[in-house]
Amino acid sequence: MPGIVENRYRILRRLVQAGALSLFFAGNAWGWKVLQGSLSSSLLFGIVPLADPFALLQVFATGTMVAAKALLGGGIVLLFFAAIAGRAFCGWICPVNIVTDLADTVSTAVGEGNRSLRLSRNARYWVLGLSLVLSAWLGIAAFEWISPIGALHRGVVFGMGMGWTSVAAVFLFDVFVVRNGFCGHLCPLGAFYSLAGGWSWMRVVHSKEQCTSCMRCIESCPEPQVLPMVGKRDGPVTSGECTNCGRCIEVCPDDAMRFGLRTQGTKEKDPKEVTS
């Protein structure tokens, strides 16, 4: 079943994302205690606090005191992604990833010629900084106020209001303006996890011996700049910008990509040989 094999991680990611949303919905609608609250602040099994560390950072920027329970929740989440999973939140948990993956499928059919703008992937780090500056200036968590991530999550769990407009804007931006535009170029939460997960254990590992340089991995990757080693040397992806989505693994016909540990293969620092 080639279709399933080539999309096995995408299917698994959808199941994880749908499962998380379903548990949040059940917690709100029926009082299930498995996962209650929102992506910004929640309780696991009614006991373990979880919180978005980037949201907390914005709250800190406003000068507002943060409860110890929220700090603990943010610390738990930050430690998990920083030490183990890297930027996996973006590929495996974030509900907007479903929208942007769909947009990528549509944008591939539309073609590059229909996109009018080129953006540096470093723009997201400027947006991250701007979010903190605006939070301090306005006295509110600036990105949380306009975040399509929060809008889509609240819409699914509590009911969609005008939040659909920001989600639609992300979809149209990705299709017609910049491929992988929001997640790959503008999202400050993705930038935060790129920085936080730069030294995480879980990595995609490349085998030069098995690679035939077909470049399907780079063509399919939402962050192709993280794969400069392809066809050149063994080693793990060292960039924190990798979302660990597994797309490069599932499309590789040579089994030259796999999940492994940061310590596998060469420890040589990746040169910036792939740009976008």
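The values are calculated or read from the model by the stated rules, or taken from the named source; none is laboratory data. Quantities reported herein were computed from a predicted structural model and do not represent experimental measurements. Reconstructed Cβ throughout: ideal geometry from the backbone, glycine too, with neighbour counts over all protein chains shown. Surface accessibility is based on the protein's heavy atoms, side chains included, excluding ligands, DNA and RNA. Shrake-Rupley method; radii C 1.70, N 1.55, O 1.52, S 1.80 Å.
Round to a whole number: what % of the accessible area of the range 1-157 belongs to carbon and sulfur, probe 1.4 Å?
So the carbon and sulfur contribution to the accessible surface is 74 percent.
May I ask for the angle, rounded to the nearest 10°, between helix 123-138 and the longest principal axis of the chain, with both axes built from Cα atoms and the value confined to 0 to 90°?
10
Set the Förster distance to 51 Å, then compute FRET efficiency between Gln264 and Lys69 from the Cβ-Cβ distance, nearest 0.05.
0.85
If I measure Cβ to Cβ between cysteines in the chain, which ones have no partner under 4.7 Å?
Cys90, Cys94, Cys183, Cys187, Cys211, Cys214, Cys221, Cys242, Cys245, Cys252
Using the alpha-carbon atoms, what tilt in degrees (0 to 90, nearest 10) does helix 53-62 show relative to the longest principal axis of the chain?
50
Which Cα, out of Gly240, Cys252, Cys214, lies furthest along the positive dipole direction of the range 202-275 (beta carbon charges, K/R +1, D/E -1)?
So the residue furthest toward the plus end is Gly240.
Report the Rg/Rh value for the range 124-185, based on alpha-carbon coordinates and the Kirkwood definition of Rh.
Here Rg/Rh amounts to 1.02.
Restricting to Cα pairs below 8 Å that are 6+ residues apart, what does the relative contact order work out to for the range 5-196? Please round to a whole percent.
25
Hey, what angle do you get for helix 96-110 against the long axis of the chain, alpha-carbon based, 0 to 90 degrees rounded to 10?
Here the helix axis deviates by roughly 40 degrees.
Need the C-alpha centroid separation for the range 52-67 versus the range 163-223, integer Å.
26
Step through the residues of the range 20-26 one at a time and calculate ³J(HN,Hα) from phi using the Karplus curve (6.51 cos²θ - 1.76 cosθ + 1.60, θ = phi - 60°), rounding each to whole Hz and writing x for Gly and Pro.
Going residue by residue, I get 4, 4, 5, 5, 4, 4, 5 Hz, with x marking Gly and Pro.
Given the -39500 (n - 2.57) contribution per DSSP H run of 4+ residues, what per-residue ellipticity at 222 nm results for the chain, rounded to the nearest 500 deg cm²/dmol?
About -14000 deg cm²/dmol.
Compare the Cα positions of Ala123, Ile4, Leu44 along the charge dipole of the range 1-160 (+1 at Cβ of Lys, Arg; -1 at Cβ of Asp, Glu; about the Cα centre) and return the one farthest towards the positive end.
The one lying farthest along the dipole's positive direction is Ile4.
What residue among Arg13, Arg216, Arg203 has the largest mean-square fluctuation in a Gaussian network model of the chain, using Cα springs under 10 Å?
Arg216
Two decimals is fine: what's Rg over Rh for the range 149-276, C-alpha atoms, Kirkwood radius as Rh?
1.04
Going by amide H atoms built from the backbone, whose H comes under 5 Å of the H on Val66, apart from near neighbours?
none
Mind putting a number on the dipole of the chain about its Cα centre? Charges go on the C-beta only, +1 for Lys and Arg and -1 for Asp and Glu, and I need it in Debye to the nearest 20.
For this selection, approximately 280 debye.
Label the range 202-275 by shape, choosing from rounded, prolate and oblate, from the square roots a ≥ b ≥ c of the eigenvalues of the Cα gyration tensor; if a/c is under 1.5 it is rounded, and otherwise prolate applies when a/b is larger than b/c, oblate when it is not.
Because its axes are fairly even, with a/c under 1.5, the range 202-275 counts as rounded.
Work from the charge dipole of the range 5-196 (Cβ charges, +1 for Lys and Arg, -1 for Asp and Glu, about the Cα centre) and give the residue of Gly63, Gly74, Phe176 farthest towards its positive end.
Of the options given, the answer is Gly74.
Can you run phi through the Karplus equation (6.51, -1.76, 1.60; θ = phi - 60°) for the range 244-253 and list ³J(HN,Hα) in whole Hz, with x for Gly and Pro?
So the Karplus estimates, Gly and Pro as x, are 6, 6, x, 4, 5, 6, 6, 8, 6, x Hz.
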